[in-house]
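Structure first, then comments.
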Amino acid sequence: MTHGAGSARRDRLRSAAAGLSAALLGVALGELAAALVEPAASPFAVIGGGLIDLAPSWAKDVAIALFGTGDKVALLTGIAIVLAVVAALAGIAERRWSGAGAAVLGALGAVAVVVALIRPGSGPFAWLPGLVAGLVSVIVLRLLIRRLRPVAGLAPDHEDRRRFLLWTAGAAAVGLVALIGSSLARGATRSVEAVRAALRLPSPARPAAAVPAGAELDIPGLAPVVTPNAEFYRIDTALIVPRVDPADWSLRIHGMVDREVVLTWEELLALPLVEADVTLACVSNEVGGSLIGTARWLGYPVREMLARAGVDPDADMVLSTSADGFTASTPLEALTDDRDALLAVGMNGEPLPLEHGFPVRMVVPGLYGYVSATKWVTQLEVTRFDRAAAYWTTRGWSERGPVKLQSRIDVPRPGQRIDAGDAVIAGMAWQQHTGIEGVEVRVDEGPWQRAELAAAISADTWVQWRLPWTAESGAHTIECRAVNAEGETQTADRAAPVPDGAQGWHRVEVTVA
Ligand SMILES: Nc1nc2c(c(=O)[nH]1)N[C@H]1C(S)=C(S)[C@@H](COP(=O)(O)O)O[C@H]1N2
Ligand SMILES: [Mo]
């Protein structure tokens with residue numbers, strides 16, 4: 001037998017294929033187990049979620065900037081690629097040093113088990129999917145690689161190799177079928193979707209007034225003043241949307257209170273609910289960005305819930321926790337003053353969509369989402385800023401997150417080519433809970449002109465604006481700045497989103513034909 005470079009390379013390729021196919025079958029059966037016993041314990045999601053929590057904030061900022069709301073797909077693809085490379089190397093290692101590759105795959109499975117177990121809200125079977133993934137990939141790898149080894153001093157012959165290929169391809173094929181099966185099983189266990197679809201929310205004891213007729217300017221390309229749920233931006237750290245059955249949901253209010261309160265879904269719905277139109281914005285929104293939207297929320301005032309529990313006068317913060325362990329620290333005064341800080345159950349006339357926090361989330365006018373808008377909320381701990389810190393605060397974002405005065409040009413779009421003559425410049429302006437008094441626009445750094453402001457729904461919502469413009473041919477730069485209800489003009493000083501929100505004037509360049 002000759003062992004030339006060619007046959008060594010082929011041997012490495014076979015070993016790598018064995019590693020890939022073993023890992024594929026293992027992960028697929030792990031995913032299948034997760035889909036059947038505990039969807040959130042998916043080995044894939046568990047490892048991805050661990051990476052999200054461990055990743056430095058800058059990496060998250062880059063991910064949001066590059067992929068926007070698609071950052072999760074990018075992350076999952078990244079994990080799949082890394083896993084495939086590790087599996088192929090594990091195959092090669094196993095061939096060279098018996099037990100080495102198996103140890104690598106086994107260690108990955110162990111990590112998946114441990115991370116699934118320490119995850120907040122993990123169920124009794126959280127350990128199973130990682131264990132299945134680890135065990136199956138180790139056993140399959142050992143079996144496949146054994147077929148490449150000489151038996152009784154005889155190098156594997158043609159027949160042995162044929163059998164090796166058959167087994168390797170077979171394992172991969174079963175893996176693919178199991179993956180498809182796990183995604184079908186996931187679909188079949190969508191009972192929380194079914195519960196949501198069947199739900200009828202009570203009508204509000206205090207309905208919101210109709211949106212004023214003049215609030216919607218109806219200009220093509222301009223954001224609608226009320227954002228449809230399907231278009232509402234989504235930002236969270238959850239790789240798999242938490243599926244919280246209202247029947248299992250409760251809210252616990254504890255900490256610096258006179259008496260602990262536990263509220264069930266039935267009890268919450270029996271309370272007099274109020275409706276409020278509130279604009280929610282993400283602190284990661286860049287100047288001119290789209291991580292902002294307005295909805296008509298239905299919910300119960302947080303203020304009333306806190307009053308039931310009786311708040312210690314020394315407290316200054318409420319730490320809200322979600323079913324998946326996310327936390328936000330909200331200044332107590334924003335939850336006890338007369339603003340519409342809500343435990344929301346409804347969004348634009350329907351139960352909260354799953355990805356927006358079903359069954360219950362917080363919404364607090366005037367604060368960025370990361371310090372206030374906890375989705376899938378299950379706990380409110382009354383505490384102090386010097387005693388507890390929240391998810392993003394421990395990752396370099398500022399402790400308090402009041403929304404900054406901002407405005408945006410929606411029409412024309414950057415780079416848009418428009419015809420000379422009558423045109424319109426239009427956009428949005430906001431500073432929730434303070435309100436907008438005016439918007440100014442300038443073209444090519446000329447004089448500032450007052451735009452026409454649409455009717456505001458309230459100080460808690462954004463407002464549309466427009467300015468007629470006689471467009472002359474050539475390249476133009478359009479800028480806008482808002483003035484708030486306290487007469488303060490939006491600053492020209494640019495700031496990046498970190499640590500407390502982007503600022504500066506939005507600037508759009510267009511070409512007029
Ligand atoms: N449970 C949970 N709630 C969360 C978050 C999260 O990561 N997990 N992100 C917050 C952030 S940063 C924002 S901007 C808002 C976004 O809410 P939306 O996705 O409904 O638009 O949710 C907040 N609530
Ligand atoms: Mo956010």
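General remarks:
- Residues that are of a type in the set (G, A, S) and either more than 23 Å from A40 (Cβ to Cβ) or in contact with a His (Cβ under 6 Å, 6 or more places away or on another chain) (or both) occur at least once in the range 195-206.
- Within the range 272-286, restricting attention to residues that are more than 16 Å from ligand 1 (Cβ to nearest atom) and not in a strand (DSSP E or B), the residue that is surrounded by the most Cβ atoms within 10 Å (Cβ to Cβ) is L273.
- Verdict on R162 being part of a helix (DSSP H, G or I), surrounded by fewer than 14 Cβ atoms within 10 Å (Cβ to Cβ) and either without any contact (Cβ under 8 Å) to a residue 24 or more places away in the chain or within 25 Å of the chain's Cα centre (by Cα) (or both): yes
- Selected residue [surrounded by fewer than 18 Cβ atoms within 10 Å (Cβ to Cβ), of a type outside the set (A, V, I, L, M, F, W, C), over 27 Å from I52 (Cα atoms) and away from ligand 1 (no atom under 16 Å from the Cβ)] from D218, D245: D218
- Test: E479 is in contact (Cβ under 8 Å) with a residue 12 or more places away in the chain, surrounded by fewer than 19 Cβ atoms within 10 Å (Cβ to Cβ) and among the acidic types (D, E): no
- Considering only residues in the range 290-341 that are over 28 Å from the mean Cα position of the chain (by Cα) and under 17 Å from G366 (Cα atoms), the one that is surrounded by the most Cβ atoms within 10 Å (Cβ to Cβ) turns out to be D337.
- Every pair of residues 6+ apart whose Cβ atoms lie under 6 Å, when the first sits in the range 224-244 and is part of a loop (DSSP other than H, G, I, E, B) while the second is charged (D, E, K, R) and within 16 Å of ligand 2 (Cβ to nearest atom): R234/E355; A238/D324; L239/K72; V241/E355; P242/D324
- Note on the range 369-427: residues that are under 14 Å from M317 (Cα atoms), buried (at least 20 other Cβ atoms within 10 Å of the Cβ) and away from ligand 2 (no atom under 15 Å from the Cβ) total 4.
- Among the residues of this structure, V192 counts as one that is part of a helix (DSSP H, G or I), buried (at least 16 other Cβ atoms within 10 Å of the Cβ), within 16 Å of ligand 1 (Cβ to nearest atom) and within 29 Å of the chain's Cα centre (by Cα).
Readers should treat all values here as calculations from the given coordinates under stated rules, not as data from a laboratory. Just so we're clear, the structure is a prediction, and the values are computed from it rather than from any experiment. Cβ atoms come from the backbone with ideal geometry, glycine included; neighbour counts cover every protein chain shown.
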